[in-house]
Amino acid sequence: MFSEKANKHADNCRFCWMCRYICPVGLQTGKETNNARAKGLLVSLVNRGQEFDESYAGTMYECCLCGACSQDCKTGFEPPIFIREARTEAIVRDVLPENVRMIADNLMEKGNLYGVSSAEIQSKLEKLLPNRPQKAGVLLYVGQTALIKAPEISEALICLLKKASVDFTVLYSEGQSGAEIGDVIGYVAETITAAKNEAAKINTIGAEKVVVLDPNVARVMKQEYPVWGCDINAEIVTATAFIAGLIADGKLSPQKIDMKEVTFHDPCKLSRDLDETEPARYILKSMGIEIKEMFLNREWTKCCGTEIVKAHSPALGALIADGRWGDAERIGAACMVTACPGCFDVMGQCVPEGMKHYDLFILLAEACGC
Amino acid sequence: MRIVVFIKQVPESEDVKIDRLTNTMKREGIRMVMNPSDSTALAAAVQLKKEHGGKVIAVTMGTKKAVEVLNQAAICGADELYMVSDPLYAGSDTYATALVLSETVKYLGGLDIALCGRRAIDGETGQVGPELSVFLDIPCVTNVLELQLKSDGRVRYKRLLEDEILDAELSTPALFAVCEGIVRDYVPSISDLRRARDIKIINITDNELKLGGERTGLAGSLTTVRRTFQQTSPDRKCVFVDAKEGAKIIIAKATEAIL
């Protein structure tokens with residue numbers, strides 16, 4: 001059963017199709033089911049008595065939830081609303097495809113996409129910041145993707161914070177922020193409970209600012225937490241904005257790096273949902289790096305494919321990432337910089353021959369002598 | 001504890017259109033939703049159930065399409081769902097509607113707490129709740145901002161008045177017409193959603209209530225809608241001026257009005 005809001009958006013999407021040119025999945029697969037309109041049509045068919053089976057469910061997970069369709073829609077409809085509810089429906093009806101079931105189980109049982117134990121997460125955080133302070137003015141929230149898949153990014157960021165003499169700490173253990181579980185099972189009570197628990201943990205630190213490395217997590221904390229009643233008693237700041245601020249204040253003085261033909265891939269949650277496009281560019285400029293902009297940049301960025309799609313459908317994930325690399329090649333870029341642990345992991349799996357891939361914080365850490 | 005929640009399916013407010021020929025609301029092709037303050041009443045009922053136990057019984061009266069709001073009620077935590085619908089009841093005004101709903105309550109075996117929204121966004125009369133309480137011979141509290149069930153079984157409530165908030169309590173059974181948004185909408189869990197799929201909607205017709213056509217529908221209605229029309233304003237003019245010019249215009253118009 002879909003909510004009234006989901007039904008309204010699905011019923012309006014189902015005959016439109018105007019956003020088909022912007023879907024990063026559909027552009028790569030060419031499948032009619034891989035665009036927002038098809039998913040709206042499936043939802044409306046289910047409401048009219050069609051059985052919601054495993055193939056429908058699978059279609060709903062062939063989506064990055066990147067919001068490009070919402071951005072493109074001239075009438076204000078948002079397909080991610082009904083796509084997330086369709087995912088909830090798939091779980092309720094127990095018709096999840098096996099590959100998705102595995103990551104849903106990981107999230108519900110272990111609290112992360114990868115099935116890593118909480119003890120291991122604690123160990124990774126301890127390794128990142130041994131003898132972490134119990135209290136600090138800034139809490140760095142690393143996120144499960146950075147911790148497990150791209151620890152080098154979190155190491156670089158911690159080095160930068162130390163270099164800038166920021167009074168910061170990390171949590172003893174990070175659980176579910178609500179970002180990944182919300183995208184896989186929807187915004188149900190389980191997601192909100194996990195988010196509330198995480199918010200309570202964050203509040204024990206008493207920090208004035210929470211610097212969030214993963215833009216997907218930052219989005220959920222800034223936009224969904226207030227709706228869910230998860231109160232964080234601190235300002236939520238993206239890592240890119242925070243670091244850009246440190247450079248502007250003179251607390252970080254990066255050396256110039258000689259890099260040519262560089263392009264920057266905007267993380268979709270950062271540029272589209274959080275309206276943040278310039279801090280990352282400012283950071284690159286502070287290192288003397290000039291950017292060639294790809295087709296579909298800033299709020300129009302084309303999603304890399306996301307960690308979630310990569311986790312349940314690696315081949316599809318690689319295909320979507322390949323599409324973005326194609327955009328870089330078309331403008332003659334020799335290297336791509338990303339500013340999100342998920343983008344770093346996803347784009348890093350299929351770097352075309354002759355091209356290079358960098359993370360923004362790792363580059364900056366080198367430029368600052370970390 | 002039996003908590004009966006009365007919910008109504010209404011046109012989504014921005015979709016209201018008037019048929020110029022008949023002066024009635026057009027319903028074809030209009031998106032229908034759960035009345036917003038009824039949605040809050042439902043959330044309040046589910047919250048009471050979670051805190052104190054009992055059962056939430058959702059009742060709606062309308063056409064067959066109104067089952068959609070009962071499905072929504074199941075997702076939001078209702079335990080039993082009742083659809084009251086009979087051709088005899090078509091065209092019922094608030095009085096006839098309240099009569100039908102009161103008989104439904106008696107048919108279902110009574111209640112401890114009745115909850116409804118303070119008014120529906122289509123009719124905006126706010127009459128059904130108080131009329132229902134009269135038929136049920138129970139006290140009624142309207143414009144409720146807050147509800148708490150105390151350990152002695154009494155209900156403590158806060159009520160919105162014109163210039164203050166009344167803080168009082170009373171014994172059950174009682175009816176509370178709640179204001180919009182006083183309780184955050186209930187977010188179901190996966191198991192709630194699975195449970196909701198298994199709840200059957202029970203239909204209640206006049207075969208069960210035995211009211212007959214004279215006391216219900218148009219015949220049983222004490223009010224008649226003579227005309228429905230959209231208030232239109234005469235042509236207006238808008239001129240942008242600065243503060244000084246604006247003051248001169250206001251003084252001139254005020255002087256003109258006085259003279």
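The values are calculated or read from the model by the stated rules, or taken from the named source; none is laboratory data. Just so we're clear, the structure is a prediction, and the values are computed from it rather than from any experiment. Glycine gets a Cβ as well: all are built from the backbone with ideal geometry, and neighbour counts include every protein chain shown. Keep in mind that these areas ignore ligands, DNA and RNA; they rest on the heavy atoms of the full protein, side chains included. Shrake-Rupley method; radii C 1.70, N 1.55, O 1.52, S 1.80 Å.
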Checklist entry - When A:Ser123 is evaluated against the numbered criteria (1) within 14 Å of chain B (Cβ to nearest Cβ); (2) assigned to a helix (DSSP H, G or I); (3) of a type in the set (Gly, Ala, Ser); (4) open to solvent by 50 Å² or more (accessible area, probe 1.4 Å), which criterion, by number, is the only one it fails? => result (1)
Next on the checklist: Taking the criterion of being modelled with pLDDT under 90, within 27 Å of B:Leu145 (Cβ to Cβ) and either more than 14 Å from chain A (Cβ to nearest Cβ) or not in a strand (DSSP E or B) (or both), would at least one residue in region B:4-12 satisfy it?
Outcome noted: yes
Item to check | Of all residues making up region B:70-80, the number that are in contact (Cβ under 8 Å) with a residue 60 or more places away in the chain, open to solvent by 20 Å² or more (accessible area, probe 1.4 Å) and not charged (D, E, K, R) | outcome: 2
Next on the checklist: Restricting to region B:81-121, name every residue that is open to solvent by less than 30 Å² (accessible area, probe 1.4 Å) and under 13 Å from the mean Cα position of the chain (by Cα).
Outcome noted: B:Thr94, B:Thr97, B:Ala98, B:Leu101, B:Ala114, B:Leu115, B:Cys116, B:Gly117, B:Ala120
Checklist outcome for this item: The one condition A:Ala86 fails out of (1) modelled with pLDDT under 95; (2) open to solvent by less than 50 Å² (accessible area, probe 1.4 Å) is (1)
Item to check | Residues of region A:41-57 satisfying the condition of being in a loop (DSSP other than H, G, I, E, B) and either at negative phi or open to solvent by less than 20 Å² (accessible area, probe 1.4 Å) (or both) | outcome: A:Arg48, A:Gln50, A:Glu51, A:Phe52, A:Asp53
Checklist entry - Since A:Asp105 meets every condition but one in (1) assigned to a helix (DSSP H, G or I); (2) buried (at least 19 other Cβ atoms within 10 Å of the Cβ), which condition does it not meet? => result (2)
Checklist entry - Which ones in region B:196-209 are surrounded by fewer than 18 Cβ atoms within 10 Å (Cβ to Cβ), touching a helix residue (DSSP H, G or I) at 6+ places or on another chain (Cβ under 8 Å) and either in a loop (DSSP other than H, G, I, E, B) or within 11 Å of another protein chain (Cβ to nearest Cβ) (or both)? => result B:Arg197, B:Ile199
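I'd like the full set of residues that are among the β-branched types (Val, Ile, Thr) and either at the interface with chain A (Cβ under 10 Å from one of its Cβ atoms) or over 21 Å from the mean Cα position of the chain (by Cα) (or both), limited to region B:178-195.
Selection gives B:Val187, B:Ile190.
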Next on the checklist: Please verify whether A:Glu155 is surrounded by fewer than 21 Cβ atoms within 10 Å (Cβ to Cβ) and of a type in the set (Asp, Glu), treating the condition exactly as stated.
Outcome noted: yes
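Residue by residue, here is whether (1) on the phi < 0 side of the Ramachandran plot; (2) within 14 Å of chain B (Cβ to nearest Cβ); (3) assigned to a loop (DSSP other than H, G, I, E, B) holds:
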{"site": "A:Thr59", "(1), (2), (3)": "yes, no, no"}
{"site": "A:Gly76", "(1), (2), (3)": "no, yes, yes"}
{"site": "A:Asn99", "(1), (2), (3)": "yes, no, no"}
{"site": "A:Gly115", "(1), (2), (3)": "no, no, yes"}
Item to check | Meets criteria (farther than 30 Å from A:Val227 by Cα, open to solvent by 90 Å² or more (accessible area, probe 1.4 Å), in contact (Cβ under 8 Å) with a residue 60 or more places away in the chain and more than 14 Å from chain A (Cβ to nearest Cβ)) for B:Leu218 | outcome: yes
Checklist entry - Which residue pairs have Cβ atoms under 9 Å apart, sit 6 or more places apart or on different chains, and have a first residue in region A:229-244 that is within 14 Å of chain B (Cβ to nearest Cβ) and open to solvent by 10 Å² or more (accessible area, probe 1.4 Å) and a second that is among the hydroxyl-bearing types (Ser, Thr, Tyr) and in a helix (DSSP H, G or I)? => result A:Asp231/A:Tyr225
Checklist entry - Here is a list of conditions, (1) surrounded by fewer than 24 Cβ atoms within 10 Å (Cβ to Cβ); (2) more than 14 Å from chain B (Cβ to nearest Cβ); (3) among the small types (Gly, Ala, Ser), and A:Ala218 meets all of them except one; can you say which number that is? => result (1)
Checklist outcome for this item: Residues in region A:163-198 that are more than 14 Å from chain B (Cβ to nearest Cβ) and in contact (Cβ under 8 Å) with a residue 24 or more places away in the chain total 19
